[in-house]
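Following: one structure in structure tokens, then a few remarks.
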Amino acid sequence: MKWIVAALIVWGVWILLRKPARKRSPLADARRVLGVDKSADETSIRAAHRRLMGELHPDRGGTDAQARRVNAARDTLLAALRDPR
């Protein structure tokens, strides 16, 4: 019984002391979804979007959530290209 209490204490301390998950920027997440790098231009972003939508479109076996995620990634990256802050 004592070893269970000790294990729970160690686990609780580990939970408190671990590093929080690193938050990814929306641009990095969008780049990862589309599979493009930081230097991607508008043409390569649109080509990656077209390629993924060919695979993930709901009419071709993908889900609606996948299509929305790919569209949101494209919109995020294109907006960042048009308005770099």
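The values are calculated or read from the model by the stated rules, or taken from the named source; none is laboratory data. The structure displayed is predicted, hence computed values, not measured ones. As a convention, Cβ positions derive from the backbone with ideal geometry for all residues, glycine included, and neighbour counts pool all protein chains shown.
Is one or more of the residues making up the range 3-22 under 16 Å from residue 78 (Cβ atoms) and of a type in the set (A, V, I, L, M, F, W, C)? Taking every residue of the range 3-22 in turn, none turns out to be under 16 Å from residue 78 (Cβ atoms) and of a type in the set (A, V, I, L, M, F, W, C).
Across the range 48-85, the qualifying residues are those that are of a type in the set (D, E, K, R) and touching a residue at least 24 places away in the same chain (Cβ under 8 Å), and the one among them that is farthest from residue 34 (Cα to Cα) is 69.
If the requirement is being at pLDDT below 95 and not β-branched (Val, Ile, Thr), which of these qualifies: 48, 28? So the residue among 48, 28 that is at pLDDT below 95 and not β-branched (Val, Ile, Thr) is 28.
Kindly check whether there is at least one residue in the range 35-53 that is touching a Lys or Arg at 6+ places or on another chain (Cβ under 8 Å) and either of a type in the set (Lys, Arg) or on the phi > 0 side of the Ramachandran plot (or both). Taking every residue of the range 35-53 in turn, at least one turns out to be touching a Lys or Arg at 6+ places or on another chain (Cβ under 8 Å) and either of a type in the set (Lys, Arg) or on the phi > 0 side of the Ramachandran plot (or both). Here the range 49-85 is the region considered, the condition is being among the small types (Gly, Ala, Ser) and under 15 Å from the mean Cα position of the chain (by Cα), and the residue that is surrounded by the fewest Cβ atoms within 10 Å (Cβ to Cβ) is 65. For the range 8-47, the candidate set comprises residues that are hydrophobic (A, V, I, L, M, F, W, C) and touching a residue at least 24 places away in the same chain (Cβ under 8 Å); within that set, the residue that is surrounded by the fewest Cβ atoms within 10 Å (Cβ to Cβ) is 27.
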